[in-house]
Amino acid sequence: MADRRPIVGGNWKMNTDLASAVELADDVAAGAESLAGRCDVVVFPPFPYLQAVGHTLGHRGVHLGAQDVWHAPSGAYTGEVSCEMLLDLNVHTVLAGHSERRHVIGEDDDLVNAKARAALAAGLRVILCVGETLEQRQAGRTSHVNVGQVMAGLRDVPGEHLPRLVIAYEPVWAIGTGNTATPEDASAAHRVIRRAVADLYGRDATRALRIQYGGSVKASNARDLFVQDEIDGALVGGASLDPGQFVAIVRAAVEAQAVRRGSS
Ligand code: PGA
């Protein structure tokens, strides 16, 4: 059964300037408008450009996302941005626990969990990112690491928030490297992750959970990933900066969904 609507996110990371962010948003919105009814599409610009990008996206079906969030509602947290501030700008989705935040900035599971809980409680949709490093994969710890990050990330998240949760499986060794996990490897990891969430919330509640793959997804490899029953879209970094590539990835998700439906 693969009747989950795909979700494709474009994580722009610390790229673009104001003018190019607006232009990229406009191109994505124009290209994805006719597809957005069949695939959730969300872009994650840098914080300073959220408002301008939000205006540009308008009501063309592409959602506005934020790359990070802080868990407290307000106060002495220099440099941080709250859920309420993001909601003010019509942000719809936030990332929690992206591998660059975990491994470059040094966020631990407790902080990722606090952010995910706060954002879900505020009514935002959350993409919880998990994934093993190359070292962990080579040591045979892939499942252990992913299950650990899922369990820790979802600690004390009430089941009623599950419909607004998406998990992104992003093996660290595949991000920005050009090395994509094989569709089979990604599927296997997604199955393990779904089982871990089912252990927390029950199988019925977990059936609708969408699990995206992330890590060097491009127009050329998207379809092979998306036809897999377990792969409900992608979180895209580098290729999301090219509107032609990004829209082609969204189209691949829509087309693959028809294949998945046909074979289920
Ligand atoms: P990439 O990044 O597509 O450039 O590998 C993916 C991500 O970091 O979400």
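The values are calculated or read from the model by the stated rules, or taken from the named source; none is laboratory data. Predicted, not measured: the structure shown is a model, and the values here were computed from it. Positions of Cβ are backbone-derived with ideal geometry, glycine not excepted, and every protein chain shown enters the neighbour counts. SASA here: full protein model, heavy atoms, side chains in, ligands and nucleic acids out. Shrake-Rupley method; radii C 1.70, N 1.55, O 1.52, S 1.80 Å.
Mind checking which of VAL250, VAL28, GLY75 is farthest towards the positive end of the chain's charge dipole, using Cβ charges of +1 (Lys, Arg) and -1 (Asp, Glu) about the Cα centre?
VAL250
Quick one: if you stick a label point 7 Å off each Cα along the C-beta vector at ASP27 and GLU135, how many nm between them?
A separation of 3.8 nm, rounded to one decimal place.
Where only protein heavy atoms count, and the probe is 1.4 Å, what is the accessible area per residue for the chain in Å²?
So the chain comes to 42 Å² accessible per residue, rounded to a whole number.
With the dipole of the chain worked out from charges on the C-beta (+1 for Lys and Arg, -1 for Asp and Glu) around the Cα centre, which of MET14, PRO163, HIS63 lies farthest toward the positive end?
My answer, from the dipole projection, is PRO163.
Please report the net charge: other residues with Cβ closer than 13 Å to the Cβ of ASP68, K and R +1, D and E -1.
Combined, the nearby Lys, Arg, Asp and Glu give +1.
With every atom except the alpha carbons ignored, what do you get for Rg and Dmax of the stretch 1-154, in angstroms?
16.3, 47
Counting Lys +1, Arg +1, Asp -1, Glu -1, what net charge surrounds GLU23 among other residues with beta carbon under 13 Å of its beta carbon?
-4
Taking the Cα centre of the chain as origin, work out the dipole magnitude from +1 charges on Lys and Arg Cβ and -1 charges on Asp and Glu Cβ, in debye rounded to 20.
700
What are the residues whose amide H is under 5 Å from the amide H of VAL94, where those residues sit 5 or more places off or on another chain and H is modelled from the backbone?
ALA66, ARG125, VAL126, ILE127
How high is the relative contact order of the chain, in percent, with contacts defined as C-alpha pairs under 8 Å that are six or more residues apart?
Relative contact order for the chain comes out at 23 percent.
Report in % the part of the accessible area of the chain that belongs to carbon and sulfur, leaving out ligands and nucleic acids; probe 1.4 Å.
Reported share for carbon and sulfur atoms: 51 percent.
State the answer as a single residue: which of ALA205, ALA121, ILE105 lies farthest towards the positive end of the charge dipole of the stretch 95-209, with beta carbon charges of +1 for Lys and Arg and -1 for Asp and Glu, about the Cα centre.
The residue sitting farthest along the positive end of the dipole is ALA205.
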